[in-house]
Amino acid sequence: MKREYAMIKGLAITTVWVLDQDRAKEFYTEKLGLEVRTDMTLGEGGMRWLTVGSPKQPDVELTLMVPGAGMDPESAEMIKKLVAKGVLGPGVLTTDDIHGDYAELKARGVEFIQEPQERPYGTEALFRDDSGNWFSFTQPREGGLDMDKDWSC
């Protein structure tokens, strides 16, 4: 029997691995302008559950998590090394004003590894968080993908 509705409604929470939750909280709120949604300890001596999100997108949260809970120590250490090395890119954050917001974030001390550049999907800059994760910071192209231009590298 086929369902008349989608079982998966959307993305609600995703994990961003960080090396220090207090530093990450400061970075994501004070530099990026996100708001704290939850900051609590689960159980006595339990793990810290820290989530942030955009005030303009109340149904999506980033969990700022130090690797360790629910995994073996070797795996946690491997993830920490990958984060610190800067090879993990947790996702794309969007904006309506890439050039203005790029300048504002840069003035706040955000480390950009790529200035805004035109892409088939919009204008994109790349930045790193305080742990080493890199994010695409993109102003989506109106009308969707530009398939008329040669975008070869």
Conditions (1) open to solvent by less than 30 Å² (accessible area, probe 1.4 Å); (2) in contact with a strand residue (DSSP E or B) (Cβ under 6 Å, 6 or more places away or on another chain); (3) under 23 Å from THR14 (Cα atoms) -> ILE98 fails only (3)
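Quick check on my filter: what residues within region 108-153 are assigned to a strand (DSSP E or B) and among the hydrophobic types (A, V, I, L, M, F, W, C)? Break it down into steps so the answer makes sense when it comes.
Looking only at region 108-153, we keep the residues that are assigned to a strand (DSSP E or B), and these are 111-119, 122-128, 134-140.
Answer for region 108-153, where residues must be assigned to a strand (DSSP E or B) and among the hydrophobic types (A, V, I, L, M, F, W, C): PHE112, ILE113, ALA125, LEU126, PHE127, TRP134, PHE135, PHE137.
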Flagged in region 127-153 as at negative phi and open to solvent by less than 30 Å² (accessible area, probe 1.4 Å), in numbering order, are PHE127, ASP129, SER131, ASN133, PHE135, SER136, PHE137, THR138
Screening VAL87, VAL92, VAL83, VAL66 for residues that are open to solvent by less than 30 Å² (accessible area, probe 1.4 Å) and hydrophobic (A, V, I, L, M, F, W, C) leaves only VAL83
When region 39-62 is checked residue by residue, the ones that are under 13 Å from the mean Cα position of the chain (by Cα), within 21 Å of ASP20 (Cβ to Cβ) and not aliphatic (A, V, I, L, M) are THR51, GLY53, GLU61
Expected output for region 16-40 (first residue more than 23 Å from ALA107 (Cα to Cα) and without any contact (Cβ under 8 Å) to a residue 24 or more places away in the chain, partner of a type in the set (S, T, N, Q) and assigned to a strand (DSSP E or B), Cβ below 6 Å, 6+ apart or cross-chain) is THR38/THR51
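The values are calculated or read from the model by the stated rules, or taken from the named source; none is laboratory data. Treat the numbers as computed from the prediction; the structure is a model and nothing was measured. FYI the Cβ positions are ideal-geometry reconstructions off the backbone, even for glycines, and counts take in every protein chain you see. We work out accessible area using only protein heavy atoms, side chains counted, and drop any ligands, DNA or RNA first. Shrake-Rupley method; radii C 1.70, N 1.55, O 1.52, S 1.80 Å.
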